[in-house]
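In what follows, a single structure is set out as structure tokens and then discussed.
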Amino acid sequence: MAPLKKKVLGFMVIMLSISAIAKGDENESSSKPPTLVKMVKGKKMCVKDWECNVLSRFCCNLTISDFFETYQFENLFSKRNSPVAHAVGFWDYKSFIIASALFQPLGFGTTGGKQMQMKEIAAFLGHVGSKTSCGYGVATGGPLAWGLCYNKEMSPSQDYCDDYFKLTYPCSPGVQYYGRGALPIYWNYNYGKIGEALKVDLLNHPEYIEQNATLAFQAAIWQWMNPVKKGQPSAHDAFVGNWKPTKNDTLSKRVPGFGTTMNILYGDNVCNQGDIDSMNNIISHYLYYLDLMGIGREEAGPHELLTCAEQKPFNPSSSPAAASS
């Protein structure tokens, strides 16, 4: 038995050594080793388990769950399941991570180094928290602790059916296209467009968004990752620095950063109106989340990158393609 024990012990030592070497050689930006690494036209491409499972350069970086864990999600949205909240038990960390897996190979939360990745998640969730909050000045835990309180508009003022789009996105009889989701979707044309992208019939069944948290997060991330119009930046590209402003953008005071993400998502509902509360509330959520995630609001950059107070909108509200909320 002694020789056998020696062989088993030797094998274990070898395996531990291989494991240690693998971890030592691992790129600092990746805590989980890629399941596949491939060179494509001289560029490193990776696949990393289920969370980043399409060959992509972004999958060589950290995945979102490497730096954003359940306890952090709970910290950011600590009051969402309070008895007075309106979507108790609906939103959870698992739904967010599963939803994000569709977009991580495209760069969502996987662009740049760890700090940029964390900042993008804080920025995206800052919008989500602000748009789904039922917090107010003296609310328990403070006004910024109540994100994901809603998953739908509680008292719709209209059906949000625009007959201008009756040929492309006709309204389904009796269906209401009021605000639903993590970044609330309004109007038939937005439900139609997002439904086409996600291969879900949201035009006829917008209620799916308020019934499935993963789908609700997917719809919100899709809005973050895609421009309102061709030739314009997505909120993602404006935030991570992929977008290069034109001369007209510069004259319109549109610069890469968090402020321009508000311009893209909300247009003149929030931007080009000076220092208004609705804009400041979104910024406050972002800064609060940066603090809670351990990055610190000081990393958000100067005020001119955070605000859109004087930015001209990409899509004025008189345009049919204007922001949806």
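The values are calculated or read from the model by the stated rules, or taken from the named source; none is laboratory data. The model shown is predicted, which means the values in this text are computed figures rather than measured ones. Reconstructed Cβ throughout: ideal geometry from the backbone, glycine too, with neighbour counts over all protein chains shown. For the accessible areas, the whole protein counts, side chains as well, though only heavy atoms, and no ligand, DNA or RNA atoms are used. Shrake-Rupley method; radii C 1.70, N 1.55, O 1.52, S 1.80 Å.
Key figures for this structure:
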item: Segment 303-315 - residue that is in a loop (DSSP other than H, G, I, E, B) and open to solvent by less than 60 Å² (accessible area, probe 1.4 Å) and, of those, modelled with the lowest pLDDT; result: Asn315
item: Segment 84-100 residues that are acidic (Asp, Glu), paired with ones that are in a helix (DSSP H, G or I) and at pLDDT 95 or above (beta carbon under 8 Å, 6 or more apart); result: Asp92/Phe73; Asp92/Ala213
item: First in segment 57-83 and under 18 Å from Gly126 (Cα atoms), second anywhere and among the aromatic types (Phe, Trp, Tyr) and open to solvent by 30 Å² or more (accessible area, probe 1.4 Å), Cβ under 7 Å, 6 or more apart; result: Thr70/Tyr93; Phe73/Tyr93
item: Number of the condition not met by Leu292 [criteria: (1) open to solvent by less than 40 Å² (accessible area, probe 1.4 Å); (2) under 21 Å from Gly141 (Cβ atoms)]; result: (1)
item: For Ser278: the one exception among (1) hydroxyl-bearing (Ser, Thr, Tyr); (2) in contact (Cβ under 8 Å) with a residue 24 or more places away in the chain; (3) not in a loop (DSSP other than H, G, I, E, B); result: (2)
item: Some residue of segment 231-251 being over 20 Å from the mean Cα position of the chain (by Cα), at pLDDT below 95 and in a loop (DSSP other than H, G, I, E, B); result: yes
item: Filtered residue count, segment 135-184, keeping only those that are open to solvent by 70 Å² or more (accessible area, probe 1.4 Å) and not hydroxyl-bearing (Ser, Thr, Tyr); result: 11
item: Verdict on Val84 being modelled with pLDDT of 95 or more, assigned to a loop (DSSP other than H, G, I, E, B), closer than 16 Å to Thr140 by Cβ and hydrophobic (A, V, I, L, M, F, W, C); result: no
item: Flag if Val37 is part of a strand (DSSP E or B) and at pLDDT below 95; result: yes
